[in-house]
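The structure appears below as structure tokens.
Where a number appears in this text, it was derived from the coordinates with a stated rule and is not lab data. Every value quoted in this text rests on a predicted model; they were computed, and no experiment measured them. For neighbour counting, all protein chains shown are included, and Cβ atoms are generated from backbone atoms with ideal geometry for every residue, glycine included.
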Amino acid sequence: MAYEPLYVAYLIYFNRDRDYFECHEVLEELWLKRDRDPLYKALLQVAVGLYHFRDGNVRGGRIMLKQSSEVLLRYPADTLGIDLRKLAQEAADYAERLEDYDRQPFAYYDLSIRIADPGLEQEMLAAAQSLPPNVPQRRGPQRPDRARH
């Protein structure tokens with residue numbers, strides 16, 4: 001099975017680079033292309049939730065991770081070539097820990113998406129060769145410099 005290149009890029013940015021802003025950028029494009037499919041939106045929200053928490057926005061991280069896990073848990077465990085159930089449960093657990101963050105703070109940690117389809121893993125390896133890491137990672141939208149006249 002051939003996977004959407006934008007989806008493959010999302011997985012590379014998520015697992016290899018931990019660049020959750022770039023994950024948002026590529027998966028939003030696919031989400032719009034797929035008529036706002038809730039599965040892609042939920043995958044996008046996992047990355048956005050991690051991005052927010054890593055950036056110090058506990059509330060934003062909690063909301064995104066909780067919403068994403070609620071949607072992802074509705075899908076079969078093995079969806080889109082990944083262990084979706086594991087990701088959904090980890091996002092739910094993360095959101096639950098963030099609920100109590102004021103009383104029990106903890107250090108930020110990344111999640112990884114377990115690849116279940118060897119074909120997807122091969123596509124990722126091939127795509128990663130031409131997809132250089134964003135160093136340094138983007139921390140927000142980049143706008144072209146405006147020349148002053």
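Listed values for the stretch 40-50 are Karplus-derived 3J(HN,Hα) couplings in whole Hz (6.51 cos²θ - 1.76 cosθ + 1.60, θ = phi - 60°), namely 5, 4, 5, 5, 4, 5, 4, 5, 5, x, 5, and x replaces Gly and Pro. About the centre of its Cα atoms, the chain shows a dipole size close to 540 debye [charges on the beta carbon of Lys, Arg (+1) and Asp, Glu (-1) only; nearest 20 debye]. Overall shape: prolate for the stretch 40-106, with the ratio a/c of the largest to smallest alpha carbon gyration tensor axis at 1.5 or above and a/b above b/c. Against the compact-protein benchmark of 2.2 N^0.38 Å, the Cα-based radius of gyration of the stretch 20-74 scales to 1.07. Divide the volume of the convex hull around the Cα atoms of the stretch 1-121 by the residue count and you get 90 Å³ per residue.
For the chain, relative contact order (Cα pairs under 8 Å, six or more residues apart, normalised by length) works out to 26 percent.
Each of MET64, MET124 was scored by other Cβ atoms within 10 Å of its Cβ. Arranged with the fewest first, they read MET124, MET64.
Reported to the nearest whole Å, the Cα centre-to-centre distance from the stretch 64-140 to the stretch 1-56 is 9.
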